[in-house]
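Step one of this worksheet: look at the structure below.
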Amino acid sequence: MTRLGAMLAKVNAAALLPELLIVLGVLIGALTLAGGLTFVERRLLALWQDRRGPNRVGPFGLLQVVADTIKLFTKEDWVPPFADKPVFVVAPAIIIVSTLMSFAVIPLAPGIVVADLNVGLLFFLGMSSLAVYSITLGGWSANSKYALLGALRAAGQMVSYEVFMGLSLMGVVAMAGSFNLGAIVQAQRHVWFCIPQCVGLVVFLIAGLAETRRIPFDLPEAEGELVAGFHTEYSGMKFGMFFLGEYVGVALISALTVVLFFGGWSGPILPPIAWFLGKTAVLIGLFILVRAALPRLRYDQLMRLGWKVLLPLSLANVAVTGAVILALGR
Amino acid sequence: MLSALRTLWAVFWHAFARRITVPYPEQKRPLPPRFRGRIVLTRDPDGEERCVACYLCAAACPVDCIALQATEDAHGRRYPAFFRVNFGRCIFCGFCEEACPTYAIQLTPDCELADYRRQSLVYEKEHLLISGPGKYHGYSFYRVAGVAVGGKDKGEGDNELPPVNVRGLMP
């Protein structure tokens, strides 16, 4: 006890406070953003489809999120008797945890980052691989046909797209010379990586869409074919967790794209955090626009696009980037 | 890929297109006069009930939401003792209006029938009966029907000749 007391005394409370504030800020910010996205997405989809969207609850329908949350919490939280109960309960938590963990390595502004890891990018890739477990276990443990089919598709799709997601980022890493996301932003002082790494950007965006299972790649939950895919048997807040996880994922991929390709927090006049959030918002808008515009791919098309187009493309990108860096002798 | 980008572009510009959705309670679309909404019972131009309680509407109703009971007044005119429409069941198909021989039952362009209690969707005759002739002005069944009722004998209706004495036509 005395040793613990001594250790606690050594920790400077005043130095710890800003850290704690950042942690809480990122956590609450990410969750609020994800919750708000459910509403923003519906309004934006409506905007692009000549509708009006939810505008009844509160001013401009802003309280729709609150209403939806109350609804989700008051719904029956049903676990099917044929399900593998422990796995069934844990699966929705995994996706939230793994996507929120990734937010820890994202630098919002100079000095505002939860964990300044020197392998930040690898940490993100590892965490997004963990998210596959959530989907697969959720679909598997539900013990129903549609859920299993959805889970199988999700496993195949996410594992495949994981590959070129990682590969597409290697060009960025080679140019920045670091896996640290803060260092990558620093390396974009002169030119944003979206210009020299435009191929990487496109591959990363497509892989990001597939990783978050958004509409052109939403085969794991294809409503038209699989009822609701891997979360067919989920209800109440467990379903809400999957939903929230998807939106946290969208926010995460957008934030990461900003950090890796669009210069992160850098920009004139406005404070860095505003630049970061603004760019992220535009990318989230792009994600929603893609959902509004594009139809779902067939599964074989999805796999063919992945392995026959994106994989060679990202490999070529890595090779060319490496050759150019070598030739310039940096 | 190019077509996907073109689609994205086209969809983006829809942000500035005219909204199709009508924000309903604030802004209401005009309903056509022959819209099939709330059912009413009309009166003829003299202010009498048009309904002759023939049960044709109740028979035509596919969901059995119309209930009525025929009775006769002092002049021998049939009228419904009660007339009940359950709007909780009504599907607003308009078959009752088509079946009605006297234009008594009519559907109106009023569709705002929502209520908190099912029981208050059951309309009785006093709720259904309106004071005017509805869509058909100047039509009175008894004036063109040829049947004799109190206050109107045979041959006193419109476009109607007095009854002919068939024996008077002997050569």
Is at least one residue of the stretch B:9-22 away from chain A (no Cβ under 14 Å), in contact with a helix residue (DSSP H, G or I) (Cβ under 6 Å, 6 or more places away or on another chain) and β-branched (Val, Ile, Thr)?
no
Residue satisfying condition, being in contact (Cβ under 8 Å) with a residue 24 or more places away in the chain, in a strand (DSSP E or B) and either away from every other protein chain (no Cβ under 14 Å) or under 16 Å from the mean Cα position of the chain (by Cα) (or both), within set B:Pro32, B:Pro62, B:Pro80
B:Pro80
Filter the helices (runs of 4 or more DSSP H) completely within the stretch A:139-211 down to those with at least 3 residues that are under 30 Å from A:Glu233 (Cα atoms).
A:145-176, A:198-211
Of all the residues that make up the stretch A:264-276, how many are assigned to a helix (DSSP H, G or I), touching a residue at least 24 places away in the same chain (Cβ under 8 Å) and buried (at least 17 other Cβ atoms within 10 Å of the Cβ)?
2
Assigned to a loop (DSSP other than H, G, I, E, B) and either surrounded by 12 or more Cβ atoms within 10 Å (Cβ to Cβ) or among the polar types (S, T, N, Q) (or both): is that true of B:Glu97 in this structure?
no
Criterion (more than 30 Å from A:Asn55 (Cα to Cα) and not aliphatic (A, V, I, L, M)) met by exactly one of B:Phe82, B:Phe35
B:Phe82
Could you list, in sequence order, all residues of the stretch A:199-233 that are modelled with pLDDT of 85 or more and either farther than 16 Å from A:Val309 by Cα or more than 14 Å from the chain's Cα centre (by Cα) (or both)?
A:Val199, A:Gly200, A:Leu201, A:Val202, A:Val203
Out of the residues in the stretch B:51-69 meeting the condition of being touching a Pro at 6+ places or on another chain (Cβ under 7 Å) and surrounded by 15 or more Cβ atoms within 10 Å (Cβ to Cβ), tell me which one is nearest to B:Ala104 (Cα to Cα).
B:Cys51
Could you pull out the residue among A:Asp50, A:Asp84 that is of a type outside the set (Phe, Trp, Tyr), out of contact with any Gly (no Cβ under 7 Å at 6 or more places or on another chain) and without any contact (Cβ under 8 Å) to a residue 24 or more places away in the chain?
A:Asp50
Do we have B:Ala4 as over 42 Å from the mean Cα position of the chain (by Cα), of a type in the set (Gly, Ala, Ser), surrounded by 10 or more Cβ atoms within 10 Å (Cβ to Cβ) and facing chain A (nearest Cβ under 9 Å) here?
yes
Go through B:Ser131, B:Ser140, B:Ser120 for me and flag whichever is over 15 Å from the mean Cα position of the chain (by Cα) and touching a residue at least 12 places away in the same chain (Cβ under 8 Å).
B:Ser140
Which of the residues that make up the stretch A:227-243 are in a helix (DSSP H, G or I) and farther than 8 Å from A:Ala147 by Cβ?
A:Gly236, A:Met237, A:Lys238, A:Phe239, A:Gly240, A:Met241, A:Phe242, A:Phe243
Hits in the stretch A:75-95 (condition: aromatic (Phe, Trp, Tyr) and in a loop (DSSP other than H, G, I, E, B))
A:Trp78, A:Phe82
Pairs where the first residue, in the stretch A:105-118, is closer than 15 Å to A:Ile28 by Cα and the second is among the charged types (D, E, K, R), C-beta under 9 Å, 6+ apart
A:Val114/A:Glu19
I need every pair where a residue in the stretch A:148-171 that is closer than 12 Å to A:Asn317 by Cα has its Cβ under 6 Å from the Cβ of a residue that is outside any helix (DSSP H, G or I), sequence separation at least 6 or different chains.
A:Gly171/A:Gln197
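Each row is one residue, and each column tells you yes or no for (1) under 16 Å from B:Arg36 (Cβ atoms); (2) aliphatic (A, V, I, L, M).
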residue	(1), (2)
B:Arg89	yes, no
B:Gly94	yes, no
B:Ile105	yes, yes
B:Thr108	yes, no
B:Asp115	no, no
B:Lys125	no, no
B:Leu128	yes, yes
B:Gly132	no, no
Any chance B:Asp46 is in a loop (DSSP other than H, G, I, E, B), within 27 Å of the chain's Cα centre (by Cα), more than 10 Å from every other protein chain (Cβ to nearest Cβ) and without any contact (Cβ under 8 Å) to a residue 40 or more places away in the chain
no
Could you list, in sequence order, the residues of the stretch A:34-86 that are under 25 Å from the mean Cα position of the chain (by Cα), within 14 Å of chain B (Cβ to nearest Cβ) and surrounded by fewer than 14 Cβ atoms within 10 Å (Cβ to Cβ)?
none
Tell me the residue from A:Val159, A:Val191, A:Val172, A:Val185 that is modelled with pLDDT under 85 and crowded, with 20+ Cβ neighbours inside 10 Å, please.
A:Val185
For the stretch A:222-248, how many residues are out of contact with any Asp or Glu (no Cβ under 7 Å at 6 or more places or on another chain) and small (Gly, Ala, Ser)?
4
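The values are calculated or read from the model by the stated rules, or taken from the named source; none is laboratory data. These figures come from a predicted structure and were not determined experimentally. All Cβ positions, glycine included, derive from the backbone under ideal geometry; neighbour counts span all protein chains shown.
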